[in-house]
Ligand SMILES: [Zn+2]
Ligand SMILES: [Zn+2]
């Protein structure tokens with residue numbers, strides 16, 4: 001009898017210990033952070049991330065509101081890589097320029113966009129980034145199917161011009177579906193990946209605010225389960241290589257893209273609690289793009305960390 005009790009208590013202690021170790025390991029290796037500033041040069045990004053306590057960051061590899069930018073100098077690249085090596089930041093992605101529309105039916109716009117995307121890839125290669133998050137683009141009234149065919153063609157060209165099979169992951173971001181924006185339905189993303197010549201180069205960045213705007217709720221356990229089940233069925237969860245963790249100022253299915261701070265918006269904390277503890281996404285970088293600057297980021301990051309179950 002005593003022996004059984006001792007064995008039971010040893011087992012209980014062991015499982016508790018395993019839980020503690022798993023929590024510590026996860027907490028230490030959790031890839032969590034924010035989109036950080038590169039004002040003054042890309043080499044400032046690692047320090048900006050460290051000041052917020054990030055283990056993952058997103059940057060703009062060039063000014064996101066201008067078509068052209070001077071190339072990254074070898075000195076700047078070295079400084080960035082040296083600075084990054086001194087930190088605990090384990091994952092860095094860039095976000096492409098807001099001007100790019102590789103789905104445009106206008107030939108000049110499409111070619112300008114594709115060239116700008118090639119430049120984004122070249123910069124990401126120099127900085128040894130894990131991926132480039134990009135919006136699929138807008139079909140401008142041509143319809144989903146035509147838009148998807150155009151963007152796939154542009155992506156093939158961009159990959160060919162930037163060295164083919166090898167290079168940073170190209171992460172298609174889920175969008176809220178404003179105007180004629182593609183990427184608000186999982187089917188759009190599936191069809192883009194199915195149409196490109198190098199599907200292995202592609203992953204998905206799931207933006208929680210955009211997902212909500214597009215009509216995929218995560219707000220309660222039932223919708224959380226069904227939204228990800230649908231994603232899995234249509235695209236496959238293994239394609240998710242990045243999360244943008246944002247609450248939303250706009251309601252479900254609004255097709256509007258207005259980020260809010262964690263717990264302040266209409267998605268609510270339950271979604272983020274589930275996401276922070278979902279073992280399927282344990283090793284996927286989670287990056288904030290919430291408003292309010294560094295102080296608000298720190299508050300949001302603290303809240304997200306507090307959601308991780310001990
Ligand atoms: Zn984005
Ligand atoms: Zn985003």
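What follows is calculated from the coordinates using simple rules that are stated; it is not laboratory data. Computed from a predicted model, the values in this text were never measured in an experiment. Don't worry about glycine lacking a Cβ; one is built from the backbone with ideal geometry, like all the others, and counts go over all protein chains shown.
What the table below lists for this structure:
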quantity: Residues of the range 148-174 with amide N under 20 Å of a point placed 7 Å along Cα→Cβ from residue 76; calculated: 168
quantity: Where Rh is the Kirkwood radius over Cα pairs, Rg/Rh for the chain; calculated: 1.01
quantity: Residue-span extension gain [residue 187 to residue 225] - 0.36 nm each, minus C-alpha spacing; calculated: 11.9 nm
quantity: Inter-label distance, nm, simple model (7 Å from Cα along the C-beta direction), residue 106/residue 144; calculated: 2.5
quantity: Cα Rg, Dmax (largest Cα-Cα span) when computed across the range 76-186, Å; calculated: 15.1, 48
quantity: Nearest 10 degrees, 0 to 90: helix 2-29 Cα axis against the chain principal axis; calculated: 30
quantity: Whole-Å distance, taken between Cα centres, linking the range 259-310 and the range 32-97; calculated: 21
quantity: Förster-model FRET efficiency, 41 Å R0, residue 253 and residue 160, C-beta, rounded to 0.05; calculated: 0.60
quantity: Helix axis angle, 144-161 relative to the chain longest principal axis, alpha carbon, degrees; calculated: 90
quantity: Highest-MSF residue in the chain out of 226, 248, 73 [GNM, Cα springs under 10 Å]; calculated: 73
quantity: The chain - mean residue ellipticity at 222 nm from DSSP helices (-39,500 (n - 2.57) per run, n ≥ 4, rounded to 500); calculated: -14500 deg cm²/dmol
quantity: Cα long-axis angle, helix 107-126 against the chain (0 to 90 degrees, to the nearest 10); calculated: 50
quantity: Mean separation of Cα contacts under 8 Å, 6 or more apart, over the residue count of the range 69-182: relative contact order %; calculated: 30
quantity: Förster-model FRET efficiency, 25 Å R0, residue 298 and residue 65, C-beta, rounded to 0.05; calculated: 0.45
quantity: Normalised contact order of the chain, rounded percent, pairs of Cα under 8 Å and 6 or more residues apart; calculated: 15
quantity: Residue order, fewest to most beta carbons within 10 Å, for 266, 171; calculated: 266, 171
